[in-house]
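Visitor: Here it is: the structure, laid out below.
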Amino acid sequence: MKITVGEAQTSAAGTLKSLGRLFGEMKPYGFLLSGTFVLAIVLAGTAPIRPWLIQEAVDGPMTHKDLDQLAQYGWIILALLLAESGLRYLFGYWSVQLGQSVVKDLRRKLFEHLNRYRPSFYESRSVGALGSRVINDLEAIAELFAQGFLTMVGDVLQLIVILSVMFYTDVRLTLVSLLVMPLLLWITWWFKEKVHGSFTEVRSRTSSLNAFLQERLSNLQLIPLFHREEAEKNDFRKENEQLARAHLDGVWYYSVYFPVVEVLTVLAMGLMVWYGALRVQEGGLSIGILVAFLVYINQLFRPLRLLADKFNSLQMGIIASSRVFQLIDMKAWPVENNFIQENGKAENIQEVKPFKIEKSSIGLAGDTTCSSMGIDLKIHDLNFSYHPGIEVLHDIRLHMKPGEVWAVVGSSGSGKSTLAQLLVRFYEPSSGIILLDNVLHSEMPLHQLRHRVIYVPQEVIFFSGTVLDNIILHDSTITMEIVEKRVKEFNLLDFAESLPQGLMTPVGERGSGLSAGQRQLVALIRALVRQPDLLILDEATASVDSATESQVQKGIQAFVQGRNALLIAHRISTLRFAHRILVMKDGRIVEEGTHAELLALGGYFSKLSQTQHLGDWLVTS
């Protein structure tokens, strides 16, 4: 299993820090927080009233057989019970509402950060485990509010009030009632420790199973191809059994703890009744106090029975919040819009004006926010390494002038895709600079950089929906009319009309409803409709036939009229119209020139071309 996120702090300092940040997340919901604390205090204060009324009823009207007054006590107790029930309902509802509100905000923040992490973040982490983090850890935080510290505050206040009233009423009877308390506290501590370990194991096993399922479901075609069905079934059985065993361990601790607590509660009541009965016979204690103490003991032991469980909810919620905050605190790309969201308020930090476009034969008359056509790209002494000490790009230098089409060729692993990903800042160079129109591309706001430079990767990504949905990608500035016009202008109308329902054709999950060539063309249209200054195509024709490749070339040639394109390709024959060709080997540019110049040079490019021509001849013959 891949590494997820480092273990969260569990020290006292880490716990206090997580709680402090959670309280910070509650600031926008001060009314709910204040309301729940007030209700906790009110409920704790009203807890001893019912036992006291029962005591008064037994010692008063019941002893004197005054049924009318006894009925009045009964109605008062019923009204108090109904009022307590209403307050408890409101307390529970507000606690859950507060928790869900905080979790909603954290879920939004976490999703926004997950969208802004660099690719290297996901290269070492399982998507399934991250999904479990977003869902399960946030649910643990919600449980912290519903059954954690807010209810624990109320329970502790109730314990303090009940014990104070009991000691005030009769010290000796209270001490007898608490004889089993040391044993109860020890068992409660044992239960807390065991269930905490069980909960941690369940969460770990759940994350592992989620990661296992996500990986297998994403590669279902590979499993039967290599006859892995039986092996995968056995691996799943092991994961499933480990999760079930972790759950059963927790159930076993619960099944032991609660019956033992019930026995201790009954034992405490029995001791109290035995001692109280002796006191009543001696005339040193009233029957009303004895009956009231039965209720007091129940009110005292009931929260104690649940306190261990709630404490585990508190612990798991704090651990979950530490892990969530750790994800949020990890270094990500800067915010891609003009605002930083802080506690629900937007603060304008920089006003950035969009680049303008001169109207052209390709542009739409209504387009007013597209970037100016063409870009001046300079790269000086660029070096890059994924891991310290192991460089994959060495001393890259180039100068692409506005309106030029450049191509990059080379064997697999020569650094072609890495160079493209550096241009869109998927990674940052180890050294050297990249200039776009004489502006450091690292200083250009990301949303502007990716408006001007669009990268089409080798692996085409699709979302569920239609072809049009996957072209627009919820961009309100791109309409159906714009897409249709671009498709015509870029000579891709035949492709659009060949789809069963045109642009409204469903693509299926991850584009499974389209062929490899169709997916490549949709990805190309997705980039072309946005009219970037620099279009980067990474092996755009790697999975298409000759006819589709011809369509792609026509689309690119129609698009590149004053704009720039960087074509990464393995088919050298498709690069004849490029102004310049870079030949890369082992992370270095070893040759540069036009198609004719490189062939005449008789170097590495010429050998690649001859090898490819021989391969094509063998296939066709």
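Visitor: Determine whether segment 173-193 contains at least one residue that is acidic (Asp, Glu), closer than 29 Å to residue 95 by Cα and free of Cβ contacts under 8 Å to residues at least 24 places away in the same chain.
Guide: yes
Visitor: Can I ask one more? Would you tally the residues in segment 246-257 being in contact (Cβ under 8 Å) with a residue 40 or more places away in the chain and either touching a Lys or Arg at 6+ places or on another chain (Cβ under 7 Å) or open to solvent by 60 Å² or more (accessible area, probe 1.4 Å) (or both)?
Guide: Within segment 246-257, residues that are in contact (Cβ under 8 Å) with a residue 40 or more places away in the chain and either touching a Lys or Arg at 6+ places or on another chain (Cβ under 7 Å) or open to solvent by 60 Å² or more (accessible area, probe 1.4 Å) (or both) number 4.
Visitor: Also, quick follow-up: Report, by residue number, each residue of segment 137-185 that is under 30 Å from residue 275 (Cβ atoms) and either among the polar types (S, T, N, Q) or in contact with an Asp or Glu (Cβ under 8 Å, 6 or more places away or on another chain) (or both).
Guide: Residues satisfying the conditions are 158, 164, 169, 174, 177.
Visitor: Find the helices (runs of 4 or more DSSP H) located wholly in segment 27-122 whose residues include 3 or more that are in contact with a helix residue (DSSP H, G or I) (Cβ under 6 Å, 6 or more places away or on another chain) and hydroxyl-bearing (Ser, Thr, Tyr), and list them. Walk me through how you get there before you give the answer.
Guide: Working: elements: 30-46, 49-57, 67-116.
The qualifying helices (runs of 4 or more DSSP H) are 67-116.
Visitor: Can you run down the residue pairs with Cβ atoms below 9 Å, 6 or more apart or on separate chains, where the first is in segment 212-225 and modelled with pLDDT under 75 and part of a loop (DSSP other than H, G, I, E, B) and the partner is open to solvent by 60 Å² or more (accessible area, probe 1.4 Å) and among the charged types (D, E, K, R)?
Guide: From segment 212-225, the pairs are 218/510.
Visitor: Looking at (1) surrounded by fewer than 18 Cβ atoms within 10 Å (Cβ to Cβ); (2) on the phi < 0 side of the Ramachandran plot, which is the only condition residue 283 fails?
Guide: (2)
Visitor: When you go through 87, 114, 130 one by one, which is the residue that is modelled with pLDDT under 90, surrounded by fewer than 20 Cβ atoms within 10 Å (Cβ to Cβ) and in contact with a Leu (Cβ under 8 Å, 6 or more places away or on another chain)? Don't jump to the end; show me each part of the working.
Guide: Details: 87 fails: modelled with pLDDT under 90; 130 fails: surrounded by fewer than 20 Cβ atoms within 10 Å (Cβ to Cβ).
Result: 114 is the single residue among 87, 114, 130 that is modelled with pLDDT under 90, surrounded by fewer than 20 Cβ atoms within 10 Å (Cβ to Cβ) and in contact with a Leu (Cβ under 8 Å, 6 or more places away or on another chain).
Visitor: Would you list the helices (runs of 4 or more DSSP H) that sit entirely within segment 438-550 and hold 2 or more residues that are more than 24 Å from residue 416 (Cβ to Cβ) and of a type outside the set (Val, Ile, Thr)?
Guide: Where helices (runs of 4 or more DSSP H) fall fully within segment 438-550 and carry at least 2 residues being more than 24 Å from residue 416 (Cβ to Cβ) and of a type outside the set (Val, Ile, Thr), they are 446-452, 467-472, 480-489, 493-498.
Visitor: So is residue 598 under 37 Å from the mean Cα position of the chain (by Cα), modelled with pLDDT of 85 or more and either among the hydroxyl-bearing types (Ser, Thr, Tyr) or buried (at least 21 other Cβ atoms within 10 Å of the Cβ) (or both) or not?
Guide: So residue 598 does not fit the description; no.
Visitor: Another question about this same structure. I want to confirm something. Restricting to segment 309-331 and keeping residues that are part of a helix (DSSP H, G or I), of a type in the set (A, V, I, L, M) and over 14 Å from residue 150 (Cα atoms), which single residue is modelled with the highest pLDDT?
Guide: Here the residue is 324.
Visitor: Now, a different point. Is one or more of the residues making up segment 362-380 assigned to a strand (DSSP E or B), open to solvent by 10 Å² or more (accessible area, probe 1.4 Å), farther than 22 Å from residue 604 by Cβ and modelled with pLDDT of 90 or more?
Guide: yes
Visitor: Next question. Evaluate segment 184-207: report whether one residue or more is at pLDDT 85 or above, in contact with a Lys or Arg (Cβ under 9 Å, 6 or more places away or on another chain), aromatic (Phe, Trp, Tyr) and under 30 Å from residue 319 (Cα atoms).
Guide: No - not one qualifying residue is present in segment 184-207.
The values are calculated or read from the model by the stated rules, or taken from the named source; none is laboratory data. This one's a predicted model, so the numbers in the text were calculated from it and none came from an experiment. Note that each Cβ is placed from the backbone with ideal geometry, even for glycine, and that neighbours are counted across all protein chains shown. For the accessible areas, the whole protein counts, side chains as well, though only heavy atoms, and no ligand, DNA or RNA atoms are used. Shrake-Rupley method; radii C 1.70, N 1.55, O 1.52, S 1.80 Å.
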